[in-house]
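A short reminder: the numbers here are calculations on the coordinates, not readings from a lab. For clarity, every value in this text was computed on a predicted model and none was experimentally measured. Here the Cβ is made from the backbone with ideal geometry for all residues, glycine too, and neighbour counts use every protein chain on show.
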């Protein structure tokens, strides 16, 4: 089972790296470095040139992530068949990563349509959520960690989970619009921050409108993140994971907003653009972890709870 946990964790880490690498492909304008798919200029090995090498590197890492997702599903079937949630979540990630690959192919063949690029990013986040959930569930199902899992006060963790889930759903909209801007040309529609060309409201230009919708949604996200941070921090004495979740969510959100401002102020330098997406992936990972820790009930815990009423009635 330890190998299964390590494989799932490696998948999470490499998926975050893949998302950041995808951002670098966009920031370096290498999305069409390979005009064909799955080959690059007709070959498996890219020709000499910065753009083909960057694009092919992204494909290679994506392939490795796909293999790891399949390996995690196989190990879940082998070791966690008695834990349906772990098994089915791991299996669900397989078609998701397949769809992710198909979207990548469509992105190249159709020459970077912004709506497909945005959906491609969102599916990467969904794969990340599945793998994080598998990691958390495998960890909590480990006999060495089951007593720790049983110590969670369920009534308290559900509130943290609800806030984290609401944050994740809202954040999905922020990410999709952000991915759309990256290829639609809307990223540079607003020359200032936090205003857009000197105004808090966009003009009638559709690029400005899309850009400011992204900012508005990102700003409103704080309405979800701050309550999550406060509630998790207040539970830090009862839950060993609450304080790290609170600190990570608050810090990552603040850094994400700052990087968005720096992107605009310095006209989208590659380092800042990639960091903006990488931090977004990390924030998504933290929120997914909070949801998983809050709502997942280990099989062993459920069996213990089921025996208590029976013993009391006897």
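Here is how the numbers come out for the structure above:
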| read-out | value |
| --- | --- |
| Kirkwood hydrodynamic radius of segment 1-143, Cα pairs, Å | 15.6 |
| Nearest-ten-degree value, helix 84-109 long axis tilted from longest Cα axis of the chain | 10 |
| Rule-of-thumb Rg ratio for segment 150-314 [Cα; 2.2 N^0.38 Å; N residues] | 1.31 |
| Unit Cα scatterers, Debye sum, the chain: log10 I(q)/I(0) for q = 0.07, 0.10, 0.13 Å⁻¹ | -0.31, -0.62, -0.97 |
| Between segment 87-107 and segment 217-290, the Cα center-to-center distance that results, in Å | 26 |
| Where N is the number of residues in segment 64-124, Cα Rg divided by 2.2 N^0.38 Å | 1.34 |
| Sorted by Cβ density within 10 Å, fewest first, the residues 188, 138, 125 | 188, 125, 138 |
| Footprinting exposure proxy for 267, 289, 39 (fewest neighbouring C-beta atoms within 10 Å first) | 267, 39, 289 |
| Value at 222 nm in deg cm²/dmol, rounded to 500, when DSSP H runs of n ≥ 4 in the chain each add -39,500 (n - 2.57) | -26500 deg cm²/dmol |
| Length gained when the stretch residue 81-residue 255 is fully extended (0.36 nm per residue, less Cα-Cα span) | 58.6 nm |
| Degrees separating the helix 154-184 axis from the principal Cα axis of the chain, which is the longest one | 10 |
| Fully extended contour minus Cα-Cα distance, from residue 267 to residue 238, at 0.36 nm per residue | 5.9 nm |
